[in-house]
1. Kindly identify the range 10-57 as rounded, prolate or oblate by the Cα gyration tensor criterion: order the square roots of the eigenvalues as a ≥ b ≥ c, call it rounded if a/c is under 1.5, otherwise compare a/b with b/c, prolate if a/b is larger, else oblate.
2. Comparing Ala58, Ala12, Ala96, which has the greatest mean-square fluctuation in the GNM of the chain with Cα pairs linked when under 10 Å apart?
3. Along its three principal axes, how long is the chain when you only count alpha carbons? Whole Å, largest extent first please.
4. Among Ala45, Ala55, Ala13, which one shows the highest mean-square fluctuation when the chain is modelled as a Gaussian network with alpha-carbon springs under 10 Å?
5. Please identify every one of the GluC sites (Glu not before Pro) in the range 1-105 that sits in a loop by DSSP and has no more than 12 other beta carbons within 10 Å of its own beta carbon.
6. Loop sites only, by DSSP: take the trypsin sites (Lys or Arg not before Pro) in the chain that have at most 16 other C-beta atoms within 10 Å and name the longest stretch containing none of them.
7. Size of the dipole of the chain about the Cα centre, Lys and Arg at +1 and Asp and Glu at -1 on the beta carbon, nothing else charged, in debye to 20?
8. If you take every residue apart from Val91 with its C-beta less than 11 Å away from the C-beta of Val91, what net charge results, scoring Lys and Arg +1 and Asp and Glu -1?
Amino acid sequence: MLRALELARAAAAIGEVPVGALIVRDDQIIAEAHNRREADKSPFAHAEFLAIQQACRAINDWRLERCTLYVTLEPCPMCAGLIVNARIPRVVFGCADPKAGAAGTLMNLLEDPRLNHRCEVVRGLLATESAELLTTFFRRLRTPKSTGSETDRN
């Protein structure tokens, strides 16, 4: 999860929402990514989505059995659906997402017994650190830019 936080920081450094994700199989990282929606101009470029694509290529299979996804923010409905379809058995996330969380906050696609696959979900690993990254990022976005006033020059 510490590596996922590093990836989230890398996303923030390029102006992306700071979310990092990685996939581990047999104690080895096989994929890692951070959000790239702005850079890629794509609604699909969530950290989880990109990491899952990379992992599928790494093992040459669409089924990511024996894998664990670590992500700093609770997956959204799109990513949760992809996680289920990729058959990822375990998901570990940092902070909950009160606006789009699909792993227990708004809905729970990952553990829904009506679906053909369910995941073990571990919630709250390094939640404080994950949440602080997001809070700091959005606070900076909302802070007005300097206008060159006299107080700025002193």
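1. Since a/c reaches 1.5 but b/c is at least a/b, the shape of the range 10-57 is classed as oblate.
2. Ala58
3. Over the chain, Cα extents along the principal axes are 62, 30, 27 Å.
4. Per the Cα network of the chain with a 10 Å cutoff, Ala13 tops the list.
5. Of the GluC sites (Glu not before Pro), the ones in loops of the range 1-105 whose Cβ has at most 12 other Cβ atoms within 10 Å are Glu65.
6. Longest gap between qualifying sites, sites excluded: 1-40.
7. Roughly 260 debye for the chain.
8. Around Val91, the surrounding residues sum to -1.
The values are calculated or read from the model by the stated rules, or taken from the named source; none is laboratory data. Please read these numbers as outputs of a predicted model, since none were measured by experiment. Heads up, the Cβs are rebuilt from the backbone with ideal geometry, glycines too, and the neighbour counts pull from every protein chain shown. What goes into the accessible areas is simple: the full protein's heavy atoms, side chains included, and nothing from ligands, DNA or RNA. Shrake-Rupley method; radii C 1.70, N 1.55, O 1.52, S 1.80 Å.
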